[in-house]
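Note sheet for the following structure.
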Amino acid sequence: MRQQELLPCASRDHSRGAAQWPRRRHACRAGGLNGVAGPGRTAGVVIVGGGHAGGRVAERLRHGGFVGPIDVAGIETEVPYERPPLSKGVLTSAGVPANAYLLSPARWNEIGVRFHLGVEAVGIDRREKIVALSNGASLSYRKLVLATGLSPRRIRSLEPFAAHTFYLRSFSDALALRERVVAGARLVLVGAGLIGLEVAASAVKLGAAVTVLEAAERPLSRLLPPYLSQWLADLHERAGVRILCGRQVVSSETLDAAGRLHLDDGSLLEADLVLVGIGGTPNDRIAGEAGLHIDNGIVVNEFGKTSDPDIFAAGDVAAHENRVFGQRWRLESWKNAEDQAAVVASYLCGNPSPYSEVPWFWTDQYDLNVQVAGMPGAGEPAFERGKPGERAYLAYFTTGGRLIGAIGVGCGRDIRIAREMIKAGARPDGAELVRRGFTRFGDELGRQAS
């Protein structure tokens, strides 16, 4: 793609390390910016979705030298911020927690990104290149980026307990939960995924009585092999968290300020509040109504381009082609939002660089950091260093001798190296790994690999 085909891009000022752009000033308050890109205002890039991915696309466009208009519209009522702290630091901080903004509101003003906060995009006219907003306004675009994220999956059986049921998708959600998670509170977490287990670790520190319900047979079953799932479950149980696997809520009822949950095995749980963390569904409705290709999200190629050459998608909503593993998938992670935003912005600035990143997830629970790279579940455990629970524990997973996944505890540098090895299609030398302190699975520990 030729740069002049789309975007007016400034020359780089390498002495300052950033592109030069007009320093226009716009308010960043919710409801304060609901203008129309029409006569007198050149259409540029419109980003639908003011979360992490949408915000990062806007920031990367400016960093890449784009000097045209950038409009960000979304239901969010604050400028973009990081979400990982919501299940950890926001809940446990001693003082009033601060939001982890990608950029401060003042900085967004300085770089001339115009926010339309607290409004929903309700339609796309692809022929006229217009996005209709829920407040009656509209935005004209030359290129459109959809970063609409997810909506949390809800549980119908909890509707009678709705006043005490929480979902964690925003800073305001975290603040509301923080007020209720106090010493002695009976908290039930539905879902033993990353969110559920991180909140469990945070809540038990605050003195809450925590129970985790998981429909699958073990925690984090999509990320961890059985032996590491068991290690993590044991870690939580030693901290005082009760974990019940293979259980689901079939009905609920409210009793004064608390409630009762009926489980599918006939047992009952008393709860003061419930947090549901069972993933989300992609917000792809307006894309589908506009005729874009939808398949568990908005389908994009390796550059983030949809079936319409003027529309792109990034973040949790995008079902993208991954060159490393040769398949299409949709990832819900901080790293994926960062990477896809960079790919889309680079393409729009005339510097196409295909998405070729290795999936990476991490979680902080208690004083441990666990990181997962690649697709461990698609391979077989091959080599490990140390034992689960020890710091600097590292495990490699292979298929046909090729490294396709790694899991580490407290060894971020090793995981970074593993990601590069996976990306390069490395085939680890077993003898060399043994010399470096690894053991083959089963050689010494006698533990079942699966």
(request) Enter the mean projected area of the convex hull around the alpha-carbon atoms of region 73-139, in nm², rounded to one decimal. (result) 6.1
(request) Determine the distance separating the Cα centre of region 300-353 from the Cα centre of region 191-212; give it in Å without decimals. (result) 32
(request) Compute the acute angle (0 to 90°) between the alpha-carbon long axis of helix 171-180 and the principal axis of greatest extent of the alpha-carbon atoms of the chain; round to the nearest 10°. (result) 40
(request) Under 28 Å Cα to Cα from Lys129, which lysines show up? Leave out anything in the same chain fewer than 8 places away. (result) Lys143, Lys305
(message) At a 10 Å Cβ-Cβ cut-off, how would you order Leu103, Leu255, fewest neighbours first?
(response) Leu255, Leu103
(message) I need the phi-derived Karplus couplings for region 211-222: 6.51 cos²θ - 1.76 cosθ + 1.60, θ = phi - 60°, integer Hz, Gly and Pro marked x.
(response) 10, 10, 9, 9, 5, 6, 7, 7, x, 6, 5, 7
(message) Is there a quick way to get the dipole size of region 306-390? I mean about its Cα centre, with the Cβ of Lys and Arg at +1 and of Asp and Glu at -1; what is the value in debye to the nearest 20?
(response) 220
(message) Among Ala426, Gly386, Thr399, which residue has its Cα furthest toward the positive end of the charge dipole of region 367-440, with +1 on Lys/Arg Cβ and -1 on Asp/Glu Cβ?
(response) Ala426
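Give the peptides 243-250, 276-283 in descending order of average Cβ contacts within 10 Å, highest first.
Working: 243-250: 16.9, 276-283: 19.6.
The most tightly packed comes first, giving 276-283, 243-250.
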(message) As I understand it, the value is the acute angle between the Cα axis of helix 194-205 and the longest principal axis of the Cα atoms of the chain; what does it come to in degrees, rounded to 10?
(response) 60
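Can you tell me the dipole magnitude for region 154-278 around its Cα centre, using point charges on the Cβ only (Lys, Arg +1; Asp, Glu -1), in Debye to the nearest 20? Don't skip to the answer; put the middle values down first.
On the way: 13 positive and 14 negative charges, 56 e Å.
Computed about the Cα centre, the dipole is about 260 debye.
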(message) Within a 10 angstrom radius of the beta carbon, how do Thr148, Thr254, Thr398 rank from fewest other beta carbons to most?
(response) Thr254, Thr398, Thr148
(message) On C-alpha positions alone, give me the angle between the axis of helix 334-348 and the longest principal axis of the chain, in degrees, nearest 10.
(response) 20
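Can you sort Ser353, Ser229 from fewest to most other Cβ atoms within 10 Å of each residue's own Cβ?
Numbers: Ser353 12, Ser229 20.
Going from sparsest to densest Cβ surroundings: Ser353, Ser229.
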(request) Starting from region 109-168, pick out the GluC sites (Glu not before Pro) whose DSSP state is loop and whose Cβ has at most 12 other Cβ atoms within 10 Å. (result) Glu128
(request) With runs of 4+ DSSP H residues as the only contributors, calculate the mean residue ellipticity of the chain at 222 nm using -39,500 (n - 2.57) per run, divided by the residue total and rounded to the nearest 500. (result) -6000 deg cm²/dmol
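Values in this text are rule-based calculations from the coordinates and carry no lab data. Keep in mind that this is a model prediction, so the values were computed, not measured. Neighbour counts run over all protein chains shown; Cβ positions are idealised from the backbone, glycine included.
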